[in-house]
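Beneath this line is the structure, given in structure tokens, with notes to follow.
Please treat every number below as a calculation from the coordinates, not as lab data. What you see is a predicted model, and the numbers here were worked out from it, not measured in a lab. So basically every Cβ, Gly included, is an ideal-geometry build from the backbone, and we count neighbours across all protein chains shown.
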Amino acid sequence: MKNFLGILFLFYGHALLAQERLPEVLPFKEYLAYVKQFHPVARQAGLKLGMAEAELLRARGGFDPKIEVDYDRKVFKNTEYYDILNSTFKIPTWYGIELKANFEQNEGIYLNPERTLPADGLFSAGISVDVGQGMFINKRMASLRSAKIYREQSVAARDLMVNEVLYNAALAYFNWLRVYNEMTIYEGFLENAVERFKGIEQNARLGEIPAIDTVEARISVQSRRLDLEQARVDLVKERLDLSNFLWLDNNTPVELQPNIIPEVGILPNIDEDLNIPAVITPGVIPDNHPRLRSLELGLRALEVNRRLMANRLLPAINLEYNFLTQEPDQLQSFYRENYKAGISFSFPLFLRKERGELRLANFRIDDAELDLKLNVRQLENRILGTFQQLESYSIQIQMAEEMVKNYDLMLAAEERKMSFGESSLFLINTREIRLIEARLKQNAILNKFLYAKAMLFRNLGIVPNVD
């Protein structure tokens with residue numbers, strides 16, 4: 001990572017460029033590490049966990065102790081109609097139980113008789129219990145459970161976002177590598193064509209070969225230069241696409257400089273760079289796959305909601321009991337004879353709203369279960385299909401390598417025959433064109449193989465440890 005930071009400073013600061021010599025190769029693993037650390041989407045993924053923690057904090061606030069003060073006073077024509085103070089301290093607990101402490105002090109000429117209290121006020125301490133629909137689960141409890149699930153789900157969502165951005169970043173790197181290899185191929189054959197043209201031009205001056213052969217040799221040079229120029233244009237495009245994934249620590253985009261080249265020998269270490277396990281069973285999904293983990297956690301949240309909806313079919317029954325005293329500092333002053341108690345009952349006769357909400361909750365769970373099964377099946381088939389692609393591309397890479405060797409031998413033999421005067425420039429150009437096509441095909445197959453590796457990385461839901 002330190003070497004790569006140096007490269008990024010090379011991109012961004014011309015002053016540093018003059019001060020030190022930095023490496024020109026951009027290693028694939030360090031590139032992924034930088035994308036994971038500084039790319040805006042990767043940083044947005046990290047924000048999801050912070051948002052989930054904030055959501056959990058908000059849900060826990062439903063169990064915070066609360067102080068309530070209600071003060072009401074009326075004075076008209078120098079007459080105090082009433083002066084009412086009611087202050088309460090509440091402590092919500094888990095199973096629909098609420099602890100309360102209260103102080104009331106009321107006075108006034110036109111005070112409602114039921115509000116008449118001792119001159120120093122009246123203290124009360126008691127409990128409120130929901131013995132109906134809110135006892136085992138209520139909105140406050142459901143919110144906290146859902147927030148805890150959401151926190152776990154946000155970790156899976158973060159991993160999915162990081163996996164996706166690294167997958168796209170890997171594809172951009174592979175495209176850059178493919179075009180760079182193409183340019184290297186054209187550069188090599190252009191050098192061969194130029195050397196051949198010089199030799200033919202010299203032989204034509206000496207009268208050893210017809211002058212028309214120099215025209216064909218010159219056309220070959222022009223064709224190679226044309227191909228090379230197009231490859232350079234493509235390389236600029238792929239370099240700019242790759243730059244979309246390069247950012248500095250202060251959210252500043254970075255443009256990849258032309259003197260930076262990709263890691264050519266990427267194939268042997270591709271599994272290690274992408275953190276792909278050495279042993280994988282084709283078609284088997286990892287247990288901790290973030291997409292399935294997210295869907296399973298979403299299903300758990302829906303189960304919590306269904307429990308809440310089902311509990312609303314019960315009647316709402318609230319029991320309340322409070323001890324009364326004028327001297328709260330003396331525990332013996334709390335007598336059972338001095339109390340304030342009550343009960344409240346509520347129950348819809350037809351339960352149409354509650355039954356409808358429960359039915360919707362069941363439908364949502366069924367939909368989520370089907371979605372989970374569908375995703376499991378799709379991922380299994382994608383992983384299996386990717387393994388089959390990799391097997392095929394591995395065979396194709398070997399075949400392409402053998403084909404390139406054979407075409408190289410054919411070209412060398414044709415050049416040897418021409419040195420004896422037994423061949424022609426046309427045949428050499430034909431052999432060389434076939435060799436170029438074979439090299440380009442080999443490069444394209446390598447790119448497809450790397451694409452398949454990236455797809456396997458994506459389908460397995462891997463977040464590589466490349467920090």
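General observations
- Estimated from the Cβ-Cβ distance and a Förster radius of 51 angstrom, the FRET efficiency linking Asp371 and Val131 is about 0.85.
- Stokes-Einstein D in µm²/s, Kirkwood radius over Cα pairs - the range 43-107 at 20 °C with 1.002 mPa s viscosity: 139 µm²/s
- Amide H contacts of Gly134 (H built 1.01 Å from N, under 5 Å, at least 5 apart or other chain): Ile317
- Each Lys or Arg adds one and each Asp or Glu subtracts one; over the other residues with Cβ under 13 Å from the Cβ of Glu432, this totals -3.
- Three semi-axes of the equivalent ellipsoid, the chain, Cα gyration tensor, whole Å, largest first: 81, 26, 16
- Given Lys198/Lys448; Lys29/Lys453; Lys36/Lys453; Lys405/Lys448; Lys36/Lys448, the pairs whose alpha carbons are separated by over 26 Å: Lys198/Lys448
- Extension gain, Lys66-Gln378: 0.36 nm per intervening residue step, less the Cα-Cα distance, totals 107.3 nm.
- Placing pseudo-labels 7 Å out from each Cα toward the beta carbon at Tyr95 and Tyr110 gives an inter-label distance of 4.9 nm.
- If a spin label sat at a point 7 angstrom from the Cα of Glu195 along the line to its beta carbon, no backbone N atom of the range 438-457 would be nearer than 18 Å.
- The distance between label points at Leu409 and Lys441 comes to 1.7 nm (points 7 Å beyond Cα on the Cα→Cβ vector).
- Here Ser394 and Ile261 are evaluated by their C-beta separation; at R0 = 22 Å the FRET efficiency comes out at 0.30.
- Order of Ser220, Ser419, Ser146 - criterion: other Cβ atoms within 10 Å of each residue's Cβ, fewest first: Ser419, Ser146, Ser220
- Couplings for the range 250-255, taken from phi via the Karplus curve 6.51 cos²θ - 1.76 cosθ + 1.60 with θ = phi - 60°, read 9, 6, 9, x, 10, 9 Hz in order; Gly and Pro are left as x.
- Global form of the range 310-399, assessed from the alpha-carbon gyration tensor, a/c cut-off 1.5: oblate
- Over the residues of the chain, the helix contribution to mean residue ellipticity at 222 nm works out to -21500 deg cm²/dmol, using -39500 (n - 2.57) for each DSSP H run of at least 4.
- Footprinting exposure proxy ranking of Asp130, Asp271, fewest other C-beta atoms within 10 angstrom first, gives Asp271, Asp130.
- Theoretical FRET efficiency, 1/(1+(r/R0)^6), r = Cβ-Cβ of Gln222 and Val41, R0 41 Å, to 0.05: 0.40
- Inter-part distance where the range 89-127 and the range 158-184 are each reduced to a Cα centre, Å: 68 Å
- Estimated at 0.36 nm per residue, the fully extended path between Glu337 and Glu187 surpasses their Cα-Cα distance by 43.7 nm.
- Separation in nanometres of the label points that stand 7 Å from Cα toward Cβ, at Phe350 and Asn269: 7.2 nm
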